[in-house]
Amino acid sequence: EPAPDQGRAMTPRQQLRSRYPAILAHASLSYGDGWAGIMEALCERLQFHAAHNAMPPVEITQAKEKHGELSVNYAGGDTYAGGLIDMAEALSAHTCEVCGKPGQLSEGDVLRTRCTEHR
């Protein structure tokens, strides 16, 4: 009998975890797939910086949607890692959380970053 997940495609968050196990080993990830590209770029740059610039290890503990933007909590790293994370959070306010297209932070009771199609 095949394993339950066999043949089922991995979600973008599962793919990210498998590519960056050291950074995301214990991370809680709860955000829309539209931000997968931002998280991919963030993890890639964090890993590159740690490997080539003697940065202390960095571990993302949580990445989630908060007030319509990506909110990333982490441990370790250095000021450069903090800058990368700040930039990823800022980019999320201009990227649709649903599809990844250019978006805007909506106004109203619930803050969300969406493209015109997903408003």
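The values are calculated or read from the model by the stated rules, or taken from the named source; none is laboratory data. Computed from a prediction, not measured in an experiment: that's the story for all the values here. When we count neighbours, we look across all protein chains shown, and the Cβ atoms used for this are built from the backbone with ideal geometry, even at glycine. Just so you know, the surface numbers come from the protein's heavy atoms only, side chains and all, with ligands and any DNA or RNA stripped out. Shrake-Rupley method; radii C 1.70, N 1.55, O 1.52, S 1.80 Å.
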Starting from the stretch 75-87, take each residue that is at pLDDT 95 or above and list its partners that are part of a loop (DSSP other than H, G, I, E, B), counting only C-beta distances under 7 angstrom and pairs at least six apart or across chains.
-> Gly76/Pro56; Gly76/Pro57; Gly77/Met55; Gly77/Pro56; Asp78/Met55; Asp78/Pro56; Tyr80/Met55; Ala81/Met55
In the set Ile38, Ile60, Ile85, the lone residue that is closer than 18 Å to Leu105 by Cα, out of contact with any Asp or Glu (no Cβ under 8 Å at 6 or more places or on another chain) and buried (at least 21 other Cβ atoms within 10 Å of the Cβ) is Ile38
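Condition first: more than 11 Å from Ile38 (Cβ to Cβ) and open to solvent by less than 50 Å² (accessible area, probe 1.4 Å). Now tell me which residues in the stretch 97-112 satisfy that. Full working, then the answer.
Going through the stretch 97-112, the residues more than 11 Å from Ile38 (Cβ to Cβ) turn out to be 98-99, 101-112.
Across the stretch 97-112, the qualifying residues are Gly103, Ser106.
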Of the conditions (1) open to solvent by 50 Å² or more (accessible area, probe 1.4 Å); (2) of a type outside the set (Lys, Arg); (3) farther than 22 Å from Ser28 by Cα; (4) touching a strand residue (DSSP E or B) at 6+ places or on another chain (Cβ under 6 Å), the single one that Ala54 does not satisfy is (4)
Gly32 fails exactly one of the following numbered conditions: (1) without any contact (Cβ under 8 Å) to a residue 40 or more places away in the chain; (2) surrounded by 14 or more Cβ atoms within 10 Å (Cβ to Cβ); (3) not charged (D, E, K, R). What is the number of that condition?
-> (1)
The strands (runs of 3 or more DSSP E) lying wholly within the stretch 1-115 that contain at least 2 residues that are touching a helix residue (DSSP H, G or I) at 6+ places or on another chain (Cβ under 9 Å) and among the acidic types (Asp, Glu) are 58-66
